[in-house]
Amino acid sequence: MTADAAAAAPVAPDGTALRELLALAERTAREAGALIHDGRPSRVEVAATKSSPTDVVTAMDTASEALILERLTAARPQDGFLGEETGHRAGTSGLTWVVDPIDGTVNYLYGIRAYAVSIALVLDPVRGASEPDPASWQPLVGCVHDPAGAETWTAVRGGGAHLDGRALHAEDGPELAGALVATGFGYDAARRAEQAAVVARLLPRVRDLRRIGTASLDLCAVAAGRVDAYYERGLKPWDFAAALLVATEAGAVVTGFTGGAPGGEGLLAAGPALHPEVLAALAS
Ligand code: LIP
């Protein structure tokens with residue numbers, strides 16, 4: 001690497017090259033992906049439920065997060081950790097790993113081959129003992145590993161997004177009537193009724209809808225042009241932390257439903273030309 005390139009290479013506040021941190025995230029995601037994919041029993045049992053009887057946890061969710069936590073804290077004990085199954089533990093570096101050990105748990109439970117391991121590292125400008133907030137954090141590196149599809153999505157802040165090493169460039173997007181739009185639904189019955197009403201209004205106005213069941217893969221699909229847009233309300237930070245960076249580094253626009261920062265109240269990702277049309281359609 002030339003001196004100019006080294007000088008331009010993005011680094012974390014502690015001076016670590018972001019590409020080195022991405023390599024750690026990817027290595028760990030691949031190992032966890034092999035655990036859940038190769039070790040998937042013929043009949044997956046529900047180990048527990050969370051927000052509702054359909055919001056399930058399997059033993060593999062727990063095992064995957066334990067492996068990821070062990071690898072990341074062994075390599076970087078100074079960083080914070082926020083995982084879907086074990087919650088938040090503060091660090092001292094101002095950096096936090098945000099982890100979904102199996103995104104698409106219901107797909108995994110049923111044997112539907114659309115689930116992923118999602119690992120992101122975010123800079124928390126607030127820097128404190130509290131959980132990092134998607135409204136203020138800065139994702140630095142992200143890795144979404146799809147073990148069933150044998151695809152790995154990666155991104156570095158300011159360094160672009162890649163699918164299996166190939167650069168990703170999100171398209172501008174078609175007009176609304178020609179758009180293939182992905183979405184997802186919550187685990188709460190009342191919220192699902194609201195979300196069904198939105199679908200009923202949107203479906204006649206677009207090409208078609210897709211419900212893949214894995215937010216991280218939905219966002220990566222926008223980055224790769226496999227869908228034209230993706231929206232969902234009720235996501236958790238670990239669902240989108242890594243794939244949000246993949247989508248934005250590929251050139252997609254990712255906001256909330258009122259145009260601000262994306263988060264649990266709403267996330268919309270689309271190409272730059274299509275994004276305002278979908279935003280307006282959701283607002284109406
Ligand atoms: C899932 C998301 C999906 C959403 C599901 C669930 P999980 O995450 O990836 O987009 O529609 O309700 O939240 O629970 O499988 O990690």
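The values are calculated or read from the model by the stated rules, or taken from the named source; none is laboratory data. What you see is a predicted model; the values in this text were computed from it and never measured. Methodologically, a virtual Cβ is constructed for each residue, glycine included, from the backbone with ideal geometry; neighbour enumeration extends over all protein chains shown. What goes into the accessible areas is simple: the full protein's heavy atoms, side chains included, and nothing from ligands, DNA or RNA. Shrake-Rupley method; radii C 1.70, N 1.55, O 1.52, S 1.80 Å.
Other residues whose C-beta falls under 12 angstrom from the C-beta of LEU67 contribute a net charge of -2, scoring Lys and Arg +1 and Asp and Glu -1. Pairs of Cα atoms nearer than 8 Å and 6+ residues apart set the relative contact order; for segment 107-182 it is 21 percent. Model label sites at ALA75 and ASP188, defined 7 Å from Cα along the beta-carbon direction, differ in position by 3.6 nm. Per residue, the average separation of C-alpha pairs within less than 8 Å and at least 6 apart gives the chain a relative contact order of 16 percent.
Got the relative contact order for segment 3-167 handy, in percent, Cα pairs under 8 Å and 6 or more residues apart? So the answer I get is 20 percent. Counting only protein heavy atoms and a probe of 1.4 Å, the accessible surface of the chain is 54% carbon and sulfur. With Cα atoms defining each centre, segment 128-191 and segment 192-259 are spaced 9 Å apart in the structure.
Loop-located GluC sites (Glu not before Pro) across segment 1-101 with a Cβ neighbour count of 10 or fewer within 10 Å are GLU45, with loop assigned by DSSP. Taken per residue, the accessible surface of the chain reaches 43 Å², heavy atoms only and a 1.4 Å probe. Which one, ALA269, ALA179, ALA190, has the greatest fluctuation when you compute a Gaussian network model over the chain with C-alpha springs under 10 angstrom? Ranking ALA269, ALA179, ALA190 by mean-square fluctuation puts ALA190 first. Highest GNM mean-square fluctuation among ALA229, ALA47, ALA215, for the chain modelled with Cα contacts below 10 Å: ALA47. Shown in residue order for segment 223-240 are the 3J(HN,Hα) couplings computed by the Karplus curve 6.51 cos²θ - 1.76 cosθ + 1.60 at θ = phi - 60°: 4, 9, x, 7, 9, 8, 7, 9, 9, 6, 10, x, 5, 9, x, 5, 5, 10 Hz (x for Gly and Pro). Placing pseudo-labels 7 Å out from each Cα toward the beta carbon at GLU31 and ASP172 gives an inter-label distance of 4.6 nm. Calculated mean residue ellipticity, 222 nm, the chain: -10500 deg cm²/dmol, from DSSP H runs (n ≥ 4) at -39500 (n - 2.57) each, averaged per residue and rounded to 500.
The accessible area of ARG40, taken with all protein chains in place and a 1.4 Å probe, comes to roughly 70 Å². Between GLY213, GLY94, GLY260, the residue with the greatest mean-square fluctuation in the GNM of the chain (Cα pairs under 10 Å linked by springs) is GLY260. For segment 110-237, the convex hull spanned by the alpha carbon atoms encloses 141 Å³ per residue.
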